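Novice: Have a look at this one.
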Amino acid sequence: MSENQEAAPKKKDFVPSEGSAKNKKTRVGIVKSTSMEKTIVVEYTNRVPHPKFKKIVKQSKKFYAHDEKGEAAVGDKVRIEETNPVSKLKRWKLVKVLTH
């Protein structure tokens, strides 16, 4: 390269801000069971329109979530986040207990 030609500026390595690289699903639900060690069962209720009749109906789903510290109790409102599989059924982890 000659002195007149400048080297093209190098692109900075992309460093994502916290949360932008983690496009993980989160859900807010009610704890239904804490009888297992380090595992809670969270019931997530979603309101969706019926495909044919368009009436709003509730759909419920149970998620098994990892609770390392045993913070959650039955009836608590919690936020859970998708994670790598911890066991056969657990694919979620407890992020925060919202209300007791």
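Novice: Which of the residues belonging to region 42-94 are outside any loop (DSSP other than H, G, I, E, B), of a type in the set (Lys, Arg) and surrounded by 11 or more Cβ atoms within 10 Å (Cβ to Cβ)?
Specialist: As a first pass, look at region 42-94 and keep what is outside any loop (DSSP other than H, G, I, E, B): 42-49, 56-66, 77-82, 92-94.
With of a type in the set (Lys, Arg) added as a condition, the list becomes 47, 58, 61-62, 77, 79, 93.
Residues satisfying the conditions are 61, 62, 77, 79, 93.
Novice: Give all pairs with beta carbons closer than 6 Å in which a residue from region 30-59 that is free of Cβ contacts under 8 Å to residues at least 40 places away in the same chain and within 18 Å of residue 95 (Cα to Cα) meets a residue that is in a strand (DSSP E or B) and aliphatic (A, V, I, L, M); count only pairs at least 6 apart in sequence or on separate chains.
Specialist: Sorted first by the residue in region 30-59, then by its partner, the pairs are 43/30.
Novice: Moving to a separate point now. Which of the residues spanning region 45-71 are within 21 Å of residue 98 (Cβ to Cβ) and either of a type in the set (Lys, Arg) or touching a His at 6+ places or on another chain (Cβ under 9 Å) (or both)?
Specialist: 47, 58, 61, 62, 69
Since every read-out is calculated from the coordinates, none of them should be taken as a lab result. Everything numeric here is computed off the predicted structure, so don't read it as measured data. Counting neighbours? That spans all protein chains shown, and the Cβs are built from the backbone with ideal geometry, glycine included.
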